[in-house]
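The values are calculated or read from the model by the stated rules, or taken from the named source; none is laboratory data. Given the structure is predicted, the values throughout are model-derived calculations rather than measurements. Here the Cβ positions follow ideal geometry from the backbone for every residue, glycine too, while neighbour counts run over all protein chains shown. Just so you know, the surface numbers come from the protein's heavy atoms only, side chains and all, with ligands and any DNA or RNA stripped out. Shrake-Rupley method; radii C 1.70, N 1.55, O 1.52, S 1.80 Å.
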Amino acid sequence: MTTTVRWHAVADLADLARQANTQILAIAEEAIAERGHFSIVLAGGDTPRPIYRRLRGAFTDWKRWDIYFGDERCLPADDSGRNSHMASSEWLDHVALAPSRIHRIAAEQGAQAAAAAYAQTLSSVGAFDMVLLGLGEDGHTASLFPGHDLGLGPDAPDVLAVHDAPKPPPERISLSAARLGRARRVLFLVAGSSKRQAVADWRAGVPIPASTIASSGGVDVLVEASLL
Ligand code: 6PG
């Protein structure tokens, strides 16, 4: 399935954080008003840090939020390199979110076991309200890397075990492209000159893992203007 990609230029990372924060909270309020809860899949890496830090001060009903992770690195549970560790230190530890509603990937169990366990967690979860994703220099997103299984087809599993990721650590868990696209809103967060080629490839129609994320409502990309 191809998808509509809407490119939104931002001035810099601070502007990206402001705009992402505004969009996340607006979609959260809409979901909570319409369905009583808001499910969001978090992006890893460093770009989301200022977004998560701004969310500390948000006025929202945290009791209605469910937090999921788009991918996780197979590191010890308390390792600062874990995507869940970054989100918790920047944001989740600072707000009244019930621990039971923060659905971490148990990556310390190893890729295979953690992928199976997270697939079980997601088996009772429908379409996400929102998915946040980053973009890697090589066009990867979550832990879906070029030349690797992206989990694209309709029969693709929800969660993939990744064993030879080119971005350390090699062992990871990732939601599949198919599952990441099962969302009402998908928002990519792209900043940093190292992403220039990946953005150019994407806009030129060169297939990269990020461009395989297809949602019926299209995807939005907040991207530094200097990369366009
Ligand atoms: C990870 C992320 C990865 C990240 C991109 C962009 O585990 O590293 O899931 O997909 O989002 O590599 O990373 P930066 O935001 O740090 O550039």
For Arg203, placing the label point 7 angstrom along Cα-to-beta-carbon and taking the range 162-196, residues whose amide nitrogen sits under 13 Å are 195-196
Excluding ligands, DNA and RNA, the carbon-plus-sulfur percentage of the accessible area of the range 5-227 with a 1.4 Å probe reads 52 percent
Quick calc: nm separation of the 7 Å Cα→Cβ label points for Asp15 and Ala116 -> 4.9 nm
The range 5-227: relative contact order from alpha carbon pairs under 8 Å, six or more residues apart, as a whole percent, is 25 percent
The range 46-92 and the range 180-227 have their Cα centres apart by a whole-number Å value of 21 Å
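As a test of understanding, state the convex hull volume per residue of the chain from its alpha carbons, in Å³. Working shown, then result.
Values: hull volume 25.3 nm³, N = 228.
In the chain, the Cα hull volume divided by residue count equals 111 Å³.
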Sorted by chain and then number, the residues having a modelled amide H within less than 5 Å of the amide H of Gly181, at least 5 places away or on another chain, are Ala214
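To the nearest 0.05, how large is the calculated FRET efficiency for Asp149 and Ser124 if R₀ is 25 Å and r is the Cβ-Cβ distance?
Efficiency, from the Cβ-Cβ distance: 0.55.
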Share of Cα-Cα pairs in the range 51-183 beyond 24 Å, whole percent, is 27 percent
With the dipole of the chain defined by +1 on each Lys or Arg Cβ and -1 on each Asp or Glu Cβ, the option from Ala11, Leu150, Ala33 whose Cα lies farthest towards the positive pole is Ala33
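Filter the chain for me: DSSP H helices, axial length by Cα at least 15 angstrom, mean Kyte-Doolittle hydropathy not below -1.0. List them by residue number. Walk me through the intermediate numbers first.
Values: long enough: 13-35 (32 Å, 0.14); 111-122 (16 Å, 0.62).
Helices meeting the span and hydropathy rule in the chain are 13-35, 111-122.
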Computed over the chain, protein heavy atoms only, probe 1.4 angstrom, the accessible area per residue in square angstrom equals 42 Å²
